[in-house]
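The next block holds one structure in the form of C-alpha cells; read it before the comments.
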Amino acid sequence: MADTHVLFVEDDDVIREATQLALERDGFTVTAMPDGLKGLEAFRTNRPDIALLDVMVPGLDGVSLCRRIRDESTVPVIMLSARADSIDVVLGLEAGADDYVTKPFDGAVLVARIRAVLRRFGHASGGAGDPAATGQRDQGGVLVFGELEIDTEGMEVRRGGKPVGLTPTEMRLLLEFSSTPGTVLSRDKLLERVWDYGWGGDTRVVDVHVQRLRTKIGQDRIETVRGFGYKLKA
C-alpha cells in the first residue's frame, strides 16, 4: 500500500492530523483537506486511489462531495460519520459510497477497511466463483440472463444491448449473484464475499447496493427472499 494515495476530507483539525499521521505510518500517501470544496479540487488535481469523506464538512458536505466524485470516477469512497444514524449511512451509500465507518474509530479498523475496499477494486472479478460453471453463455463467452449480458472477462455489462455503468463494488456484487443464479445468498454471506468482511458488518451496506444495482440492471432481476437474502433470477 506504499504507493496508495488517500484523499481525506475532515474539518476537525485534531482528527484530521491524527488520522493522517496514522495512515502515513501504515505507508499511505495522504492528502488531507478541511472542507468539501477543497476536497473536490484536490480530487481533481491528484486523482487519489481512495477517498475518505466525513459527512459533516463545510463548503460541500461529504454526501454531496461523494456524488460529485461518483459523477466523474469509480474511485472507491468510504464515508466517515460521527453518528451511526440510518439517514447518514443510507444517504452516503445512495450517493455512491462503497462503505462507511463511524467515529470515533480505531486506526487499525480504518486501515483494515481501506485495504478491504482496495482489494475489491484491485480484483473486481475475484471472489465470485466461476460464473462459467452455472450461467448461460452465448457464442462470445458472455453470461446471458434474459436481456442482461455479463462479460466476465472484459468486466462489462449490457442491458438490452446497451452498456451499463457499474462501480467495481456493484460489479463484484453482480458477479457473486451470477455465479449461482437462482440460489439465495444471505446478507452476511454477501458481506463476506463482496465486502471482504471477516467480521460482522452492517447489512444496510448490502441492501443499498442491491437497490442501486437493481436500478441499473432491472428491478425484477434480483429477487428479495424475505428472512433469507437475495437471489438472481436465472
Within region 150-234, considering only strands (runs of 3 or more DSSP E) that don't extend past its boundaries, which have at least 1 residues that are under 24 Å from Ile78 (Cβ atoms) and open to solvent by 40 Å² or more (accessible area, probe 1.4 Å)? none
I'd like the full set of residues that are in contact with a Phe, Trp or Tyr (Cβ under 9 Å, 6 or more places away or on another chain) and either under 15 Å from Ala82 (Cβ atoms) or surrounded by 22 or more Cβ atoms within 10 Å (Cβ to Cβ) (or both), limited to region 10-27. Arg16, Thr19, Leu23
Where the second residue is open to solvent by 50 Å² or more (accessible area, probe 1.4 Å) and at pLDDT below 90 and the first is farther than 22 Å from Met171 by Cβ and lies in region 100-123, which pairs have Cβ atoms under 6 Å and are six or more apart or on separate chains? Thr102/Ala84; Lys103/Ala82
Which of the residues belonging to region 111-130 are at pLDDT below 50 and buried (at least 16 other Cβ atoms within 10 Å of the Cβ)? Ala124, Gly127, Ala128
Restricting to region 1-51, count the residues that are within 19 Å of Asp71 (Cβ to Cβ) and among the hydrophobic types (A, V, I, L, M, F, W, C). 9
Can you tell me which of Asp99, Asp88, Asp138 is crowded, with 18+ Cβ neighbours inside 10 Å, at negative phi, at pLDDT below 90 and not hydrophobic (A, V, I, L, M, F, W, C)? Asp88
In region 42-53, the residues that are over 17 Å from Lys103 (Cβ atoms), buried (at least 18 other Cβ atoms within 10 Å of the Cβ) and touching a residue at least 40 places away in the same chain (Cβ under 8 Å): Pro48, Asp49, Ile50
Within region 54-83, how many residues turn out to be touching a residue at least 40 places away in the same chain (Cβ under 8 Å) and open to solvent by 40 Å² or more (accessible area, probe 1.4 Å)? 4
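The values are calculated or read from the model by the stated rules, or taken from the named source; none is laboratory data. Keep in mind the model is a prediction, meaning the values are calculated, not measured. Neighbour counts are summed over all protein chains in view; Cβ atoms, including those assigned to glycine, are modelled from backbone coordinates with ideal geometry. These area figures cover heavy atoms from the full protein model, side chains too; ligands, DNA and RNA do not enter into them. Shrake-Rupley method; radii C 1.70, N 1.55, O 1.52, S 1.80 Å.
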